[in-house]
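Take a look at the structure below.
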Amino acid sequence: MMTLTQQIITVAMVVLGTAVTRFLPFLVFPSGKPTPKYVQFLGKFLPSAVFGLLVIYSLKDVSVFAGSHGIPEMISILLVVILHVWKRQMLLSIAGGTVCYMLLVQFVF
């Protein structure tokens, strides 16, 4: 159990961390200056890299020779692709695939 002092310090550190992460980008990259090339590069390629990483992580333990044979994973991946081609919104694609997968493994497979 944390003491009152430890709780206050913990809350203060969380508030400080949140404030720094919210305000630091505005201080480092002011609106009057052009965005650095490396930040533009990261903004362009990082979402796709994260998406690829999620696919690899999600499929690393799937076995087509046991259990549900990877069927819920493949259905969810297909849904992600369809949603992404249709709406071009990565968050919607990821959330849709995740919800589909959870529903399939909980209620179908």
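See the values below:
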| item | result |
| --- | --- |
| Where the chain is the region considered: accessible area per residue in Å², 1.4 Å probe | 83 Å² |
| Surface share of carbon and sulfur [accessible, 1.4 angstrom probe, percent] for segment 1-67 | 75 percent |
| Residue of GLY52, GLY97, GLY32 that the Gaussian network model of the chain assigns the largest fluctuation, springs spanning Cα pairs under 10 Å | GLY32 |
| Partners for LYS60 among lysines (Cα-Cα distance below 19 Å; same-chain residues under 8 apart left out) | none |
| Net dipole in debye of the chain [+1 Lys, Arg Cβ; -1 Asp, Glu Cβ; about Cα centre; nearest 20] | 520 debye |
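The values are calculated or read from the model by the stated rules, or taken from the named source; none is laboratory data. Everything numeric in this text was worked out from a predicted model, so none of it was measured. Reconstructed Cβ throughout: ideal geometry from the backbone, glycine too, with neighbour counts over all protein chains shown. The area values use the complete protein model at the heavy-atom level, side chains included, leaving out ligands, DNA and RNA. Shrake-Rupley method; radii C 1.70, N 1.55, O 1.52, S 1.80 Å.
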